[in-house]
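Colleague: Below are the structure tokens for one structure; questions will follow.
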Amino acid sequence: MTKIKYVPLNSLEVPRFAEIKTFMRLPNVKTTENIDYAIIGVPFDTGTTYRPGARFAPSAIRDISSLVKPYNVPQKVNVVDQLSGVDYGDIPVIPGFIEESYEKMTEGLRPIVEAGAVPICLGGDHSITLGELRAIAKTQGPVALVHFDSHFDTIDSYFGKKYNHGTVFKRALEEGLIDVEHSIQVGMRGTFYSEEDLKGSEDLGFQVITSFEIREIGIPETIRRIKQRIGGQKAFLTFDIDFVDPAFAPGTGTIEVGGFSSTEALHMVRQLKDIRFVGYDLVEVLPAYDPSQITAFLGANIVFEFISLIALDKLNRK
């Protein structure tokens, strides 16, 4: 029996502007058989505390992702040659109801994780990561976290509420979903309410490398510290698009100036190829503030780098 392999439409045979929009023109198939990874949309932004609208990001990222081609030049890998993947569709979240939507996320991702495929989620605001980590922990146990962001997202509550995009990693830690001794937060910047904002994450056990520190030590040293911190553990990579400077990614919910260029962001993700990631997400793209689609296109390219890391990991394990 021939093994099915799921690959994108060939844009030299079917124009990029044709057909239904899926991520990189992957087949839209809800299957966990014969796949290395699955793209899952999580169109949920009830957890946001400033600009809403990230619920529309999965659609926007899929739309522009038809411009992404399969060969990664810096990584020297063709993801179509190495991998079978699908666009699994969207999680049926419940707008306005965050805890019930977490249940939908966890249940929706469960068959993908149990099948051994790598989930790549398109948010959505950053609150969605809690539902993803719950699904992964059921199979993998607590995982190391690599967190790119301009914000810590480790506050205890916001206006008395425990669940939102600013509390997600405090909750994940409390629930035992994160191996905090091997977890790291990278890129935090902007103005803080107080010095306690920085100490809060460190007191919880996270290693933190702020954007200010990255500028001093350089990207190679930053990557070295990330890999040293992970230390061979299975990891989850979460990438908030506001890690990138708003000059390059204006379409996001809570902007902070002084960030990294799109080139720097892509380069940093590429350098993580020796880490065994069991899940990824890309969050906080806000299409309403992205009229030229540059934020969504950057998001699509970051996700392509995630897929490339999966391909390289598969090659390394052969």
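Colleague: Pairs under 7 Å by beta carbon, first residue of a type in the set (D, E) in segment 303-318, partner in a helix (DSSP H, G or I), six or more apart or different chains?
Modeller: E305/L266; E305/V269; E305/R270
Colleague: Output the number of residues of segment 4-20 satisfying the condition of being closer than 23 Å to I120 by Cα and surrounded by fewer than 17 Cβ atoms within 10 Å (Cβ to Cβ).
Modeller: Summing the residues that are closer than 23 Å to I120 by Cα and surrounded by fewer than 17 Cβ atoms within 10 Å (Cβ to Cβ) in segment 4-20 gives 6.
Colleague: Among the residues of segment 240-286, write down those that are assigned to a helix (DSSP H, G or I), more than 29 Å from V113 (Cα to Cα) and in contact (Cβ under 8 Å) with a residue 12 or more places away in the chain.
Modeller: Passing the criteria: S262, E264.
Colleague: Could you say whether any residue in segment 235-247 is surrounded by 18 or more Cβ atoms within 10 Å (Cβ to Cβ) and farther than 30 Å from P291 by Cβ?
Modeller: The answer is yes, given that some residue of segment 235-247 is surrounded by 18 or more Cβ atoms within 10 Å (Cβ to Cβ) and farther than 30 Å from P291 by Cβ.
Colleague: Got a sec? Which of P52, P27 is more than 23 Å from L298 (Cβ to Cβ) and either surrounded by fewer than 17 Cβ atoms within 10 Å (Cβ to Cβ) or over 17 Å from the mean Cα position of the chain (by Cα) (or both)?
Modeller: Matching residue, one of P52, P27: P27.
Colleague: I'd like to check something: does segment 179-192 contain any residue that is among the acidic types (D, E), crowded, with 16+ Cβ neighbours inside 10 Å, within 21 Å of G205 (Cα to Cα) and in contact (Cβ under 8 Å) with a residue 60 or more places away in the chain?
Modeller: no
Colleague: Would it be correct to say that R189 is under 24 Å from G124 (Cα atoms), touching a Phe, Trp or Tyr at 6+ places or on another chain (Cβ under 9 Å) and not in a helix (DSSP H, G or I)? Working first, answer last.
Modeller: On the way: under 24 Å from G124 (Cα atoms): yes; touching a Phe, Trp or Tyr at 6+ places or on another chain (Cβ under 9 Å): yes; not in a helix (DSSP H, G or I): yes.
Considered against the rule, which asks whether it is under 24 Å from G124 (Cα atoms), touching a Phe, Trp or Tyr at 6+ places or on another chain (Cβ under 9 Å) and not in a helix (DSSP H, G or I), R189 comes out as yes.
Colleague: State yes or no: is P74 surrounded by fewer than 23 Cβ atoms within 10 Å (Cβ to Cβ) and within 27 Å of P287 (Cα to Cα)?
Modeller: So P74 fails the test.
Colleague: Which ones in segment 31-80 are assigned to a loop (DSSP other than H, G, I, E, B) and over 29 Å from I4 (Cβ atoms)?
Modeller: F44, D45, T46, G47, T48, T49, Y50, R51, P52, G53, P74 - these are the residues of segment 31-80 that are assigned to a loop (DSSP other than H, G, I, E, B) and over 29 Å from I4 (Cβ atoms).
Colleague: Name the residues in segment 202-226 that are surrounded by 16 or more Cβ atoms within 10 Å (Cβ to Cβ) and either more than 20 Å from G259 (Cα to Cα) or in contact (Cβ under 8 Å) with a residue 60 or more places away in the chain (or both), would you?
Modeller: L204, F206, S211, I226 - these are the residues of segment 202-226 that are surrounded by 16 or more Cβ atoms within 10 Å (Cβ to Cβ) and either more than 20 Å from G259 (Cα to Cα) or in contact (Cβ under 8 Å) with a residue 60 or more places away in the chain (or both).
Colleague: One residue is enough: does segment 22-41 have a residue meeting the conditions farther than 23 Å from L309 by Cα and not aromatic (F, W, Y)?
Modeller: Within segment 22-41 (the criterion being farther than 23 Å from L309 by Cα and not aromatic (F, W, Y)), the answer is no, since none of the residues qualifies.
Colleague: Taking segment 277-304 as the region of interest, how many residues are more than 22 Å from H182 (Cα to Cα), of a type outside the set (A, V, I, L, M) and touching a Pro at 6+ places or on another chain (Cβ under 9 Å)?
Modeller: 7
Colleague: Separate question: Please specify each residue of segment 269-286 satisfying the condition of being buried (at least 21 other Cβ atoms within 10 Å of the Cβ) and farther than 14 Å from T238 by Cα.
Modeller: Within segment 269-286, just L286 meets the criteria.
Colleague: Right, something else. Hey, among I20, I4, which residue is modelled with pLDDT under 95, assigned to a loop (DSSP other than H, G, I, E, B) and touching an Asp or Glu at 6+ places or on another chain (Cβ under 8 Å)?
Modeller: Just a single option satisfies the conditions, and that option is I4.
Colleague: Confirm whether S84 is in contact with a helix residue (DSSP H, G or I) (Cβ under 9 Å, 6 or more places away or on another chain) and within 29 Å of H267 (Cβ to Cβ).
Modeller: Judged against the criteria, S84 is not a match.
Colleague: Return the residue satisfying two criteria in turn: it lies in segment 142-168 and is in a strand (DSSP E or B) and modelled with pLDDT under 95, and of such residues it is surrounded by the fewest Cβ atoms within 10 Å (Cβ to Cβ). It would help to see each step written out before you state the result.
Modeller: Let us first name the residues in segment 142-168 that are in a strand (DSSP E or B), namely 143-148, 158, 161.
Restricting the remaining residues to those that are modelled with pLDDT under 95 gives 158, 161.
Working: Y158: 14, K161: 12.
Step by step, filter segment 142-168, then rank; the result is K161.
Colleague: Here is a check on your reading of the model: is Y102 of a type in the set (F, W, Y) and under 17 Å from P8 (Cβ atoms)?
Modeller: So Y102 does not fit the description; no.
The values are calculated or read from the model by the stated rules, or taken from the named source; none is laboratory data. Since we're looking at a predicted model, the values are computed, not measured. Note that each Cβ is placed from the backbone with ideal geometry, even for glycine, and that neighbours are counted across all protein chains shown.
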